[in-house]
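The values are calculated or read from the model by the stated rules, or taken from the named source; none is laboratory data. Predicted model, so just to flag it, every value in this text is computed and none were measured. Here the Cβ positions follow ideal geometry from the backbone for every residue, glycine too, while neighbour counts run over all protein chains shown.
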Amino acid sequence: MAKEVVGSMSDWSGVLKDLFRQIDDGSLALEQVKALVGHRNPFIILDSLLQEWSRFYQKYFGLELDFSDLNVSEPPPGFERLIIVVQGLTLNQVYDVCAEHFTCWRYADDLDKAVPNNDRDPAKGAYAVWFRNRQEADEELRNLSVDQLKEKGILGITLLERLLYELKYWDEAKDHLDISNWTLCTGSRDADGDVPRVDWSGGKLKVDWSYVVYHGGLLRSRAAVPCLR
């Protein structure tokens, strides 16, 4: 059965006329129209995001990087936050840069030693991941333990990606992630097999941990969609 068209034909005619005008004058690029047809955000332009990440790494880590050759796939619907992790980047590096700009606390002095197991490892090369663009961790994943998420086949954010997201968000908004909830970093495990968690509370960024069986309304992962190379 054909779906009913919402809106009058005159409304559609006006919108389509304006669409073709913007295509003709260059206001809309071909990639934006492709994204619209594919039910994706047409205003996410990968080139500009890659340039943005180059500026970010230069500003905070003193690295001159060109991501033009990095394989970054188009974002799936609803996943509009790109995180790029450069080769060799460590947890201690990112935490230390965060601590230069706002108050931080961590449950272990050496996070690289404390959290050795991660689903994605920049020691093997730079990579990119898409997440939902949200200040709070995913509502859809509330009250789900690590084992439950694994059963559902949901990949989660690593601790390194979460700390990078924090710094990037602060750079953009001068605000912080997870004011009301905790991000459960289900893509990482510490040396004891527990799961790191991160939030902003008491005026500081807190890196703590939870048992893999823990679940609750405040514990939420962030679904990850890696850009496969």
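For the reader, a short list of remarks on this structure follows.
- Complete set of residues in segment 203-221 that are in contact with a strand residue (DSSP E or B) (Cβ under 7 Å, 6 or more places away or on another chain), of a type outside the set (Ser, Thr, Tyr) and in a loop (DSSP other than H, G, I, E, B): Val212, Gly217, Leu218
- Test: residue in segment 90-102 that is more than 24 Å from Arg220 (Cα to Cα) and in a loop (DSSP other than H, G, I, E, B): no
- Taken together, Ser180, Ser201 contain a single residue that is closer than 25 Å to Trp105 by Cβ, free of Cβ contacts under 8 Å to residues at least 24 places away in the same chain and surrounded by fewer than 21 Cβ atoms within 10 Å (Cβ to Cβ), which is Ser201.
- Filter result (in contact with a Lys or Arg (Cβ under 8 Å, 6 or more places away or on another chain) and surrounded by fewer than 17 Cβ atoms within 10 Å (Cβ to Cβ)) within segment 105-115: Trp105
- Residues located in segment 210-227, provided they are surrounded by 24 or more Cβ atoms within 10 Å (Cβ to Cβ) and not basic (Lys, Arg): Ser221
- Restricting attention to segment 124-156 and to residues that are assigned to a strand (DSSP E or B) and out of contact with any Pro (no Cβ under 9 Å at 6 or more places or on another chain), the residue that is surrounded by the fewest Cβ atoms within 10 Å (Cβ to Cβ) turns out to be Arg142.
- Condition met for Arg189 (touching an Asp or Glu at 6+ places or on another chain (Cβ under 6 Å) and either assigned by TED's automatic domain parsing to the domain that holds Leu149 or free of Cβ contacts under 8 Å to residues at least 40 places away in the same chain (or both)): no
- Within segment 193-225, tally of residues that are within 22 Å of Glu151 (Cα to Cα) and either modelled with pLDDT of 95 or more or small (Gly, Ala, Ser) (or both): 15
- Test: residue in segment 57-79 that is in a helix (DSSP H, G or I), among the basic types (Lys, Arg) and under 20 Å from the mean Cα position of the chain (by Cα): yes
- Within segment 76-91, the set of residues being surrounded by fewer than 15 Cβ atoms within 10 Å (Cβ to Cβ) and at pLDDT 95 or above comprises Gln87, Gly88, Thr90.
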